[in-house]
Amino acid sequence: MAHYETTIIAPPILGETDLEGLVTGVEKELGERFGGKNIVVNRWGKRTLAYPIKKFNEGYYVHYVYESDSESCVSGVEGRLRINENVMRFLTIRRDEERRSEEKMKQRSAKRRKHGAAEDSDSGDSYEEDIEME
């Protein structure tokens with residue numbers, strides 16, 4: 001089962017009821033229509049954008065974390081977000097690939113530390129040998 005994260009940005013002119021309808025609509029589509037599981041919704045609120053999008057300097061951020069068995073869940077949700085007028089931008093990432101790469105980086109750094117410690121203990125002996133040779 002793959003882990004995904006989707007973040008959407010809605011325009012700041014949306015009313016509270018429209019925003020809530022958008023959030024629950026996307027959540028229902030993720031779960032019921034496209035088969036997403038363990039859906040967690042985080043409402044980040046209104047934030048300033050790094051650059052204007054559709055002439056807005058602020059936007060409502062909503063972050064979804066979910067699991068899915070197939071890529072069709074992600075492509076289906078993204079297709080629905082593309083045609084939704086109340087979504088300015090969205091981004092979906094596959095989180096488990098990042099976790100794998102983080103684990104590989106940790107393993108590599110552990111190996112380097114292990115080899116570095118072994119070289120440090122060996123280097124002390126060779127230094128003494130070098131002094132004796134002089």
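Assorted remarks:
Let's see how each residue does on (1) among the basic types (Lys, Arg); (2) surrounded by fewer than 16 Cβ atoms within 10 Å (Cβ to Cβ); (3) in a helix (DSSP H, G or I):
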| site | (1), (2), (3) |
| --- | --- |
| His3 | no, no, no |
| Thr6 | no, no, no |
| Glu20 | no, yes, yes |
| Gly25 | no, yes, yes |
| Asn42 | no, yes, no |
| Gly45 | no, yes, no |
| Thr48 | no, yes, no |
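- Residues within the stretch 55-78 that are surrounded by fewer than 15 Cβ atoms within 10 Å (Cβ to Cβ), charged (D, E, K, R) and within 20 Å of Gly35 (Cβ to Cβ), tallied: 3
- Residue that is at pLDDT below 95 and over 20 Å from Ile9 (Cα atoms), where the choices are Gly25, Gly116, Gly76, Gly45: Gly116
- Residue that is modelled with the highest pLDDT, among those in the stretch 79-103 that are β-branched (Val, Ile, Thr) and loosely packed, with under 14 Cβ neighbours inside 10 Å: Ile83
- Condition broken by Glu58, with the remaining ones in (1) outside any helix (DSSP H, G or I); (2) under 21 Å from the mean Cα position of the chain (by Cα); (3) among the acidic types (Asp, Glu) satisfied: (2)
- On the stretch given as the stretch 61-91, residues that are touching a strand residue (DSSP E or B) at 6+ places or on another chain (Cβ under 7 Å) and either part of a helix (DSSP H, G or I) or polar (S, T, N, Q) (or both) total 6.
The values are calculated or read from the model by the stated rules, or taken from the named source; none is laboratory data. The model shown is predicted, which means the values in this text are computed figures rather than measured ones. Using ideal geometry, Cβ is built from the backbone for each residue, glycine included, and neighbour counts are taken over all protein chains shown.
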